[in-house]
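Have a look at the structure below, then the notes.
The values are calculated or read from the model by the stated rules, or taken from the named source; none is laboratory data. Source: prediction; values computed, not measured. Neighbour counts are summed over all protein chains in view; Cβ atoms, including those assigned to glycine, are modelled from backbone coordinates with ideal geometry.
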Amino acid sequence: MLTLGIESSCDDTAIAILEDDNIVVSLRSGQDDIHTLFGGVVPELASREHLNAIQPLLHLALQQAECTIHNIDLIAATQGPGLVGSLLVGFSYAKALAYVQSIPLVGVDHIAGHLLSVFLDKEVPPPVFPYLSLLVSGGNTALYLVNSFSDFKCLGRTRDDAAGEAFDKVAKLLGLAYPGGPEVSRRAQQGKKDLFSFPRSWLDNSLDFSFSGLKTAVRNQVNQLKQKEQPLPVADICASFQEAVIDVLSKKALQAAEKYKVGTIAIGGGVSANSALRTRLTEMCLQKGYHFYAPQPQFCTDNAAMIAFAGLRHYQHHGACSNVLGEDVFSRSALGQ
Ligand code: KG4
């Protein structure tokens, strides 16, 4: 069974081919060079770049997998959430391919892809359901109970900025390159994480998150230092900011696992590539006797292998879209609501 995965929800065009559950090829065409000029993703430019990239990337993927489109048994494409213009490019392309080639199509919720991305690692035994997943990406931060390949329950989500968005905005404030997460995390390694005591939003008795207060506190600190014409201790600000984010993410994940009595915690999304976050969760889970799963770094950020995997599982349980041309993209996810 060959599944073609297509992902275009934000600024990465990605194509993957799976043979059953195994990745044959997983390619990505990024747009960081373009968006870094603006300090964030410009939706119109992102859509145009997807248009340029998608066809050559598909040809390359088929070539590397040593097959043709006629060998593909299933197409799984991201249907939402994300930037509508970006989603439309990948999903319309998938619809057209499916229609013309008479291949079954499955529309995949991008968040389900991230929540299941821990299954792509064949080096470790797969997680056992149910597990708690902390989704931390550029557009979303949420906690989910993953009961099966198609049963997800959202336990809490961000009320304002996503964790990745906060990393990107702090990086922009400090004049660092886009995307800010990897750069902030790199600088943080040389900084003192207790030099600034930035606020943690616990939102008592709730599994929701809030990062806008933290972002504002960093902005105020930066402005104060600039007004006093003092040099910016960039590494210390990065380390102290990162520590505040990690404190909240890790404690809330543990709190949710305890509340829902699950012994396995997984993470997914771009921020799950953050090594300090991975280390903290590994240590906390070890102390509690929980299992901890993190995707391999290349499958933390947006990729099409996770979309192909989630689509394949959806197809096996629920079948394909019955009216391919009638399907549309969605900008917000209702997964597990
Ligand atoms: O999952 P993703 O590729 O895109 C979305 O679906 O949103 O996540 C991208 C986000 C960006 O905000 C980026 O700054 C952040 O993930 N990110 C990181 C790291 N690598 C990527 N944040 C913190 N530390 C990292 N190492």
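One residue is enough: does the range 65-79 have a residue meeting the conditions closer than 27 Å to L145 by Cα, within 16 Å of the ligand (Cβ to nearest atom), assigned to a helix (DSSP H, G or I) and not β-branched (V, I, T)?
Of the range 65-79, the ones closer than 27 Å to L145 by Cα are 75-79.
Narrowing the set further to residues that are within 16 Å of the ligand (Cβ to nearest atom) leaves 77-79.
Now drop any that are not assigned to a helix (DSSP H, G or I), which leaves none.
The answer is no, given that none of the residues of the range 65-79 is closer than 27 Å to L145 by Cα, within 16 Å of the ligand (Cβ to nearest atom), assigned to a helix (DSSP H, G or I) and not β-branched (V, I, T).
Check the range 214-222 and report whether any residue there is at pLDDT below 95 and in contact with a Ser or Thr (Cβ under 9 Å, 6 or more places away or on another chain).
No - not one qualifying residue is present in the range 214-222.
Just the residues that are within 18 Å of E165 (Cα to Cα), within 16 Å of the ligand (Cβ to nearest atom) and surrounded by 15 or more Cβ atoms within 10 Å (Cβ to Cβ), please, taken from the range 185-211. It would help to see each step written out before you state the result.
Start the filter on the range 185-211 by keeping residues that are within 18 Å of E165 (Cα to Cα), which leaves 185-188, 198-201, 208-211.
Among the residues that remain, those that are also within 16 Å of the ligand (Cβ to nearest atom) are: 185-188, 198, 209, 211.
Within the range 185-211, S185, R187, A188, F198, F209, F211 meet the criteria.
Taking the stated definitions as given, is K95 touching a helix residue (DSSP H, G or I) at 6+ places or on another chain (Cβ under 8 Å), over 26 Å from F38 (Cα atoms) and assigned to a helix (DSSP H, G or I)?
On the way: touching a helix residue (DSSP H, G or I) at 6+ places or on another chain (Cβ under 8 Å): yes; over 26 Å from F38 (Cα atoms): yes; assigned to a helix (DSSP H, G or I): yes.
Considered against the rule, which asks whether it is touching a helix residue (DSSP H, G or I) at 6+ places or on another chain (Cβ under 8 Å), over 26 Å from F38 (Cα atoms) and assigned to a helix (DSSP H, G or I), K95 comes out as yes.
Going by the structure shown, is S148 closer than 20 Å to P295 by Cα and surrounded by fewer than 21 Cβ atoms within 10 Å (Cβ to Cβ)? Before you say what the answer is, go through the steps one by one.
Values: closer than 20 Å to P295 by Cα: yes; surrounded by fewer than 21 Cβ atoms within 10 Å (Cβ to Cβ): yes.
Yes; evaluated as a whole, the condition is true for this residue.
Among the listed residues S47, S137, identify the single one that is of a type outside the set (K, R), modelled with pLDDT under 95 and touching a Ser or Thr at 6+ places or on another chain (Cβ under 9 Å). Before you say what the answer is, go through the steps one by one.
Working: S47 fails: modelled with pLDDT under 95.
That would be S137, the only listed residue that is of a type outside the set (K, R), modelled with pLDDT under 95 and touching a Ser or Thr at 6+ places or on another chain (Cβ under 9 Å).
Can you pull out every residue in the range 22-44 that is modelled with pLDDT of 95 or more, outside any strand (DSSP E or B) and either of a type in the set (D, E, K, R) or in contact with a strand residue (DSSP E or B) (Cβ under 6 Å, 6 or more places away or on another chain) (or both)?
Within the range 22-44, just E44 meets the criteria.
Can you list residue pairs whose Cβ atoms sit under 8 Å apart, with the first residue in the range 48-72 being under 19 Å from D32 (Cα atoms) and the second being assigned to a helix (DSSP H, G or I)? Count only pairs 6 or more apart in sequence or on different chains.
Here the result reads E49/I34; H50/S86; H50/V89; H50/G90; L51/V89; I54/V89; I54/G90; I54/Y93, each pair linking the range 48-72 to a residue that is assigned to a helix (DSSP H, G or I).
Which of the residues belonging to the range 1-18 are among the acidic types (D, E) and in contact with a strand residue (DSSP E or B) (Cβ under 6 Å, 6 or more places away or on another chain)? Please lay out each step first, then the result.
First, the residues of the range 1-18 that are among the acidic types (D, E): 7, 11-12.
Passing the criteria: E7, D12.
Being touching a helix residue (DSSP H, G or I) at 6+ places or on another chain (Cβ under 7 Å) and away from the ligand (no atom under 11 Å from the Cβ) is the filter here, so list the residues in the range 157-167 that pass it. Let's see the steps before the verdict.
Within the range 157-167, the subset touching a helix residue (DSSP H, G or I) at 6+ places or on another chain (Cβ under 7 Å) is 160-161, 163-164, 166-167.
The answer is D160, and nothing else.
Give the residue, chosen from A177, A96, that is modelled with pLDDT under 95, farther than 24 Å from Y290 by Cα and over 18 Å from the mean Cα position of the chain (by Cα). Let's see the steps before the verdict.
Values: A96 fails: modelled with pLDDT under 95.
Residue meeting the stated conditions: A177.
Conditions (1) within 14 Å of the ligand (Cβ to nearest atom); (2) within 20 Å of E258 (Cβ to Cβ); (3) surrounded by fewer than 24 Cβ atoms within 10 Å (Cβ to Cβ), marked per residue:
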| residue | (1), (2), (3) |
| --- | --- |
| H110 | yes, no, no |
| P125 | no, no, yes |
| V128 | no, yes, yes |
| L135 | yes, yes, no |
| T141 | yes, yes, no |
| K169 | yes, no, yes |
| A177 | yes, no, yes |
| G181 | yes, no, no |
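Restrict the check to the range 61-79 and report whether at least one residue is crowded, with 23+ Cβ neighbours inside 10 Å and of a type in the set (G, A, S). It would help to see each step written out before you state the result.
Of the range 61-79, the ones crowded, with 23+ Cβ neighbours inside 10 Å are 75-79.
Of the ones still in play, those that are also of a type in the set (G, A, S) are 76-77.
Within the range 61-79 (the criterion being crowded, with 23+ Cβ neighbours inside 10 Å and of a type in the set (G, A, S)), the answer is yes, since at least one residue qualifies.
For Q31, state whether it is closer than 24 Å to L325 by Cα and within 16 Å of the ligand (Cβ to nearest atom). Lay out the reasoning, then the answer.
Numbers: closer than 24 Å to L325 by Cα: no; within 16 Å of the ligand (Cβ to nearest atom): yes.
Against the criterion (closer than 24 Å to L325 by Cα and within 16 Å of the ligand (Cβ to nearest atom)), Q31 does not qualify.
Tell me which residues, restricted to the range 262-303, are more than 15 Å from the ligand (Cβ to nearest atom) and on the phi > 0 side of the Ramachandran plot. Outline the logic, then answer.
Going residue by residue through the range 262-303, those that are more than 15 Å from the ligand (Cβ to nearest atom) are 262-265, 282-293.
If the condition is that a residue be more than 15 Å from the ligand (Cβ to nearest atom) and on the phi > 0 side of the Ramachandran plot, then G289 is the only one that fits.
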